[in-house]
1. State whether one or more residues within region 144-156 are touching a Phe, Trp or Tyr at 6+ places or on another chain (Cβ under 9 Å), charged (D, E, K, R) and more than 16 Å from Glu5 (Cα to Cα).
2. Return a yes/no flag: does region 136-143 have any residue that is assigned to a loop (DSSP other than H, G, I, E, B), over 18 Å from Ala3 (Cβ atoms), touching a residue at least 12 places away in the same chain (Cβ under 8 Å) and touching a Lys or Arg at 6+ places or on another chain (Cβ under 7 Å).
3. For the structure I just gave you, tell me whether Ile154 is assigned to a helix (DSSP H, G or I) and aliphatic (A, V, I, L, M).
4. Looking only at residues that are surrounded by 15 or more Cβ atoms within 10 Å (Cβ to Cβ), of a type outside the set (S, T, N, Q) and modelled with pLDDT of 90 or more in region 15-31, which one is farthest from Gly182 (Cα to Cα)?
5. Let me confirm something: among Asp95, Asp128, Asp119, which residue is out of contact with any Pro (no Cβ under 9 Å at 6 or more places or on another chain) and free of Cβ contacts under 8 Å to residues at least 60 places away in the same chain?
6. Any residue that is of a type in the set (Asp, Glu) and touching a helix residue (DSSP H, G or I) at 6+ places or on another chain (Cβ under 8 Å) - is there at least one of those in region 117-140?
7. Looking at Val100, Val108, which one is part of a loop (DSSP other than H, G, I, E, B) and within 17 Å of Val184 (Cβ to Cβ)?
8. Of all residues in region 43-95, which are among the small types (Gly, Ala, Ser) and either at pLDDT below 95 or within 18 Å of the chain's Cα centre (by Cα) (or both)?
Amino acid sequence: MPAIEIDYEDIFFDPKVQTMCISPSFTCPHYNHSHSCPPSAPYLEQELSNYKIFYLIYSRFNLSEYIKEVKEKHPNRSEQRIKYFYYMNNLYREDLKREVENFVNDLVDDPKEILLLYDGTCRICLNDKDKGCTFDSGTSCRYPDKQMFSMEAIGIEVIRTVAKLPNRDFEYPSKTYSYRFGLVCIK
């Protein structure tokens, strides 16, 4: 299972991370449209300092192979367009959620309190029944106990956190793979 135990001191916090979802060149479509995304998401540096054990969970996707396969089927598509489609459609977004859930299910001790952080926006209400987040309607979150925050949404700069880890067992950044990261925090 792709997991690395890290220390609280290994996590790079910066309140500016919550503003990275909106810039002159790019605005995330979920910014200010989700209970779990900035600017509504809380900055949790102090809260996370109360946790004792941290595991960085990751999933890996061979992006180079995917680009090669798409180019074989569609030779006129640029690599940039293929990557854009891949990232915008989150082609393997459930992989990380599955890795986090598997990791938590395999824990030997039942933690008293656990905080799970994922990547991207909360996806709990993205289904046919709920038809999306209630944020834009001004209604409270339907599932506050299941709400999914990303590491970035609460102020963790993931790239700096991962890049400085001395005990990682993968190359990052990578020209071959695309990674998704989550964090399991245990009290």
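The values are calculated or read from the model by the stated rules, or taken from the named source; none is laboratory data. Source: prediction; values computed, not measured. Every residue, glycine among them, receives a Cβ derived from its backbone with ideal geometry; neighbour counts consider all protein chains shown.
1. Taking every residue of region 144-156 in turn, none turns out to be touching a Phe, Trp or Tyr at 6+ places or on another chain (Cβ under 9 Å), charged (D, E, K, R) and more than 16 Å from Glu5 (Cα to Cα).
2. Within region 136-143, none of the residues are assigned to a loop (DSSP other than H, G, I, E, B), over 18 Å from Ala3 (Cβ atoms), touching a residue at least 12 places away in the same chain (Cβ under 8 Å) and touching a Lys or Arg at 6+ places or on another chain (Cβ under 7 Å).
3. no
4. Out of the qualifying residues, it is Tyr31.
5. Asp128
6. Within region 117-140, one or more residues are of a type in the set (Asp, Glu) and touching a helix residue (DSSP H, G or I) at 6+ places or on another chain (Cβ under 8 Å).
7. Just a single option satisfies the conditions, and that option is Val108.
8. If the condition is that a residue be among the small types (Gly, Ala, Ser) and either at pLDDT below 95 or within 18 Å of the chain's Cα centre (by Cα) (or both), then Ser59, Ser64, Ser78 are the ones that fit.
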